[in-house]
Amino acid sequence: MIEIGAQVDLSHPAERVWRALTDRELLGRWFAEAEMVEGVPDRMLLHTADLPGFEANVEVEVTERQEPDLLVLACDEAGRLSELTCTVTTTKQGCRLELREVSTHGAWSAEQHEPRGQQLRQALTVRLPAILDWLAFQQVDLRRADGGMTAELPLIGVRGKAGRNPRRRRTLVAVVAGAVLVAGTAAWVTLPPDSTPTAAPAPTATASPTVTAARTTVTSTATPSARASRATASATTRPSRTPSAKPSRTPASAAPPPPPAPVTARYETESDRLFGYTGEIVVGNPGGAPVADWAVVVTLAEGTTVDDVDGANWRQDRRVITFTGAALAAGGSQTISFDVRDSRPKAREPESCTIGGQQCAGL
């Protein structure tokens, strides 16, 4: 018995996720196009022949349904049979979706197994959250009535907030401050770029040498006024040979530049969507010897969290995410992909990315 599985935590209610699993049009947007089998209400044909890990289209039939918690499908891919179980569990942030496919007749080849699992994880962690965000946005209903403009927004979980609705709650949360939401959105769109006022340069203190009149002996027969004139000229033009502040004859040598990091890292945003994005970091070892220990430290923007990571071990301390992995061979590289959820509609990239104390390229 061979299993393929994946799970993802979603900031959406279970009812919305259930709709994405059972609605033919939505299923076609995040997984594969679906076609109903005429005369059989619980049977569909998924057009998966061109997807990685699939050799043919898959005919599925619903064998168990417990809305919105459990959906079990019997799958037939050109005679290869399997059972796909979809479990939806309500969480404080929204819900957790777990998919598990078990082979019941026949088996996937080694060339199929890994691509099939990657395709499933990619669909769950990237495309499904994007479709759910899009669906939530489509459900926004702005109404102009006698009482003024209001906005009915779908329930979207926010991490760290208590008081979730029961798992079967289907009603939408009425947002009383609709007018404030629209006004705030307009202000956000029209705000000019941030400008930082230029501070006036701080005055620089300059040490002034102490001027001391030197004693002058005059042997000529000049008149007293001429002697006074020479003494005055001598006092004003001859500075003291011992200034009060002596500059150092040996200027301080500049600090040597830090040694180059044994490994390098480059960040880029692989894809973005409403309320999130997928980031990618490529860690490379340009040296001639393997590097056993390396760590990439990423500081996320306020209000963003990591949902899923592929390609590295990771730990989170508030907004700081630390990625670590296996040793890098000389000239080798490692790709880290991580899915980020953002509380704002316009997703924000990480604030910083460093490896060995050096800034990652591309950010």
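Residues of the range 325-344 that are open to solvent by less than 40 Å² (accessible area, probe 1.4 Å) and under 21 Å from the mean Cα position of the chain (by Cα): G325, I336, S337, F338, D339, V340, R341, D342. Once the range 284-299 is narrowed to residues that are assigned to a loop (DSSP other than H, G, I, E, B), of a type in the set (A, V, I, L, M, F, W, C) and modelled with pLDDT of 90 or more, the residue that is nearest to R318 (Cα to Cα) is W294.
Among the residues making up the range 5-51, those that are assigned to a loop (DSSP other than H, G, I, E, B) and open to solvent by 70 Å² or more (accessible area, probe 1.4 Å) are E33, E38, G39, P41, H47, D50. Look through the range 246-283, keep the residues that are at pLDDT 80 or above and of a type in the set (V, I, T), and return whichever of them is nearest to Q122 (Cα to Cα). For the range 246-283, the residue satisfying everything is T278.
The set of residues in the range 341-351 that are out of contact with any Asp or Glu (no Cβ under 7 Å at 6 or more places or on another chain) and touching a residue at least 40 places away in the same chain (Cβ under 8 Å) comprises D342, S343, R344, P345, E349, P350, E351.
Selection of the range 309-319 for residues being loosely packed, with under 13 Cβ neighbours inside 10 Å and part of a strand (DSSP E or B) yields N313, R315, D317. Taking each residue of the range 261-277 that is farther than 13 Å from K346 by Cβ and looking for partners that are assigned to a strand (DSSP E or B) and open to solvent by 30 Å² or more (accessible area, probe 1.4 Å) with beta-carbon atoms closer than 6 Å, six or more apart or interchain, yields A261/Q358; R266/V282; R266/A361; E268/E280; E270/E280. Scanning the range 106-115 turns up no residue that is at pLDDT 90 or above, in a loop (DSSP other than H, G, I, E, B), open to solvent by 20 Å² or more (accessible area, probe 1.4 Å) and over 22 Å from D310 (Cβ atoms). Remark: pairs (first residue in the range 290-316, among the basic types (K, R); second residue assigned to a strand (DSSP E or B); Cβ separation under 6 Å; 6+ apart in sequence or on different chains) = R315/T322.
If you filter the range 290-337 down to residues that are touching an Asp or Glu at 6+ places or on another chain (Cβ under 7 Å) and hydroxyl-bearing (S, T, Y), you find that the one that is farthest from R348 (Cα to Cα) is T335.
Count of the range 262-286 residues, restricted to those that are open to solvent by 30 Å² or more (accessible area, probe 1.4 Å) and not basic (K, R), is 12.
Since A32 meets every condition but one in (1) free of Cβ contacts under 8 Å to residues at least 12 places away in the same chain; (2) within 15 Å of L128 (Cβ to Cβ), which condition does it not meet? A32 satisfies all of (1) free of Cβ contacts under 8 Å to residues at least 12 places away in the same chain; (2) within 15 Å of L128 (Cβ to Cβ) except (1).
Determine, yes or no, whether T354 is among the polar types (S, T, N, Q), closer than 25 Å to P129 by Cβ and either touching a residue at least 12 places away in the same chain (Cβ under 8 Å) or crowded, with 17+ Cβ neighbours inside 10 Å (or both). Here the answer is no, as T354 does not meet what is asked.
The values are calculated or read from the model by the stated rules, or taken from the named source; none is laboratory data. Note that the structure is a prediction, hence the values are computed from the model and not measured. Reconstructed Cβ throughout: ideal geometry from the backbone, glycine too, with neighbour counts over all protein chains shown. These area figures cover heavy atoms from the full protein model, side chains too; ligands, DNA and RNA do not enter into them. Shrake-Rupley method; radii C 1.70, N 1.55, O 1.52, S 1.80 Å.
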